[in-house]
1. Can you give me the % of accessible surface on segment 137-231 that is carbon or sulfur? Probe 1.4 Å, all protein chains present, nothing else counted.
2. With a ≥ b ≥ c the root eigenvalues of the C-alpha gyration tensor of segment 49-159, is it rounded (a/c under 1.5), prolate (a/b larger than b/c) or oblate?
3. Extension gain His299-Tyr428, at 0.36 nm per residue separation less the Cα-Cα distance, in nm?
4. Taking the Cα-to-Cβ direction at Ala324 and at Leu405 and moving 7 Å from each Cα, how far apart do the two end points lie in nm?
5. Would you work out the relative contact order for the chain, in percent, from Cα pairs under 8 angstrom that are 6 or more residues apart?
6. Can you pull out the trypsin sites (Lys or Arg not before Pro) in segment 270-372 that DSSP calls coil and that have at most 15 other Cβ atoms within 10 Å?
7. Just add up the charged neighbours of Leu348: K/R +1, D/E -1, any other residue whose Cβ is under 15 Å from the Cβ of Leu348.
8. If we count every other residue with Cβ under 11 angstrom of Lys186's Cβ, Lys/Arg +1 and Asp/Glu -1, where does the sum land?
Amino acid sequence: MPKFSTLLFKQKLTDLLKTVFPATKFELVFFLLFLGVYGTLGTYIALNYRIIFDDRIPWDAYFSFDNRAIVMTGGGVERHPLANYLFEWLREFAYLFSDGKKDETFRLVLAWCSTFTVSLSLIQIYKYLKNIIALPQKISVLIVLFFAFFSTTILLSFTPETYTYTLFFLILFNYYAALKLRKQEKIPATALVLAGISVGGLTITNIVKVYIPLLFEKHICRSWKKIGSGILRVLISVAAFVLLFAYRMDFKYFDFLKKSSTQLDKFSASETTPLWDMIASWFFGGNILFAGYELRDYHSKKGFMFKALFLDVYQSWIPYVFVAMMVLLLGWSYFKNFKNKFVQILMLSFFVDVLIHCVLKFGLHTSYIYGGHFIFVFPLMIGWLFSSYKNSPKILSGIYVLVSLMFAFLIMNNIFRMEEFFVFLEKYYR
């Protein structure tokens with residue numbers, strides 16, 4: 001019996017490693033390609049500029065990221081309840097190489113951790129396209145490369161933020177859940193506990209996304225036994241999360257409620273920008289296609305003056321057309337695959353963010369930083385769109401050409417905007 005248990009454990013461990021990391025030679029080459037490209041970008045920024053981590057700047061140096069605050073504390077407990085545990089480990093890991101100093105080596109390690117995580121995220125996208133949707137390699141590669149040039153993906157590849165790791169954990173869990181559902185297996189309580197702690201612990205509102213796949217387990221609603229099993233697994237996951245959360249809060253629940261109310265008021269403030277433009281330019285567009293930049297004067301609580309960079313709304317009709325095409329592809333795929341449970345899981349997850357940012361307007365004025373929570377839905381839904389027309393060569397070719405043209409425009413626009421970003425770094429963050 002012990003021998004059988006050992007073999008079972010080794011098999012589960014092997015399966016887990018194959019799920020998380022590259023499992024084929026092609027996936028390994030793909031992974032190394034992303035490591036090389038993103039690593040070069042992150043290394044250059046870390047060694048030449050102080051933008052990734054400056055001990056004098058707690059937040060908002062670029063695009064409202066809170067690098068220093070996140071790395072040192074894990075961020076506000078009301079939004080990032082368990083992030084301190086991850087970033088305490090990450091910070092100590094960086095200190096090992098920098099001899100406890102917050103210098104360029106410290107920044108370099110932080111950047112490479114982000115590079116590694118985002119590169120793994122892209123491999124997860126490829127695995128989903130190949131193993132769940134069963135797309136040809138040519139189409140899968142196009143979609144992954146398309147996603148690799150999204151503004152969110154580029155920025156998170158060198159940014160030590162919660163969104164970087166949220167992106168990875170959400171994609172990984174969606175892929176894992178899809179594998180389980182494809183085999184008509186239950187998602188075990190242990191997986192829900194780990195996903196709840198990792199996903200919900202980094203951003204509390206994301207925890208609901210962990211439980212969406214349970215709605216699509218085989219015959220989940222056809223017997224009270226199955227319903228009870230699902231509820232029990234959710235309760236176990238929630239209990240584990242709440243206990244860790246309460247421990248970090250020192251069981252001071254009213255402080256949490258007070259801080260949450262303050263955060264809601266602060267990040268739901270109205271803007272002079274029209275609602276439709278904030279949704280188009282920042283929620284949808286800003287996470288995919290860079291817009292122009294807006295420079296602002298900021299200062300820390302200690303009086304340190306610094307320049308901060310924010311995304312402006314689009315100033316030309318062309319980016320709006322691009323964003324409209326992306327939304328059209330998303331809607332088209334959803335309509336075409338409406339009865340597909342995997343598509344419903346992705347879109348229900350996406351609608352959580354639509355509700356939070358576009359309906360409740362929480363953080364809508366800086367929603368271009370929240371892309372790690374939902375932007376991966378776009379490449380996966382495009383993948384499902386390709387799959388739905390696998391028996392219609394002409395339409396399939398048309399979609400392929402359209403995505404290729406959009407990809408070409410995305411590359412040109414985002415590389416140009418990154419050049420402007422380096423001008424900003426050169427001028428203010430040497």
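1. Carbon plus sulfur share of accessible area: 68 percent.
2. prolate
3. Difference between extended and current length: 45.1 nm.
4. Going from the Ala324 label point to the Leu405 one covers 1.4 nm.
5. 20
6. Filter output for segment 270-372: Lys301, Lys302, Lys339.
7. Cβ neighbours under 15 Å give a net charge of +1.
8. +3
The values are calculated or read from the model by the stated rules, or taken from the named source; none is laboratory data. Everything numeric here is computed off the predicted structure, so don't read it as measured data. In this analysis, Cβ positions are derived from the backbone assuming ideal geometry, glycine residues included, and neighbour counts consider all displayed protein chains. Side chains included, ligands, DNA and RNA excluded: accessible areas come from the protein's heavy atoms. Shrake-Rupley method; radii C 1.70, N 1.55, O 1.52, S 1.80 Å.
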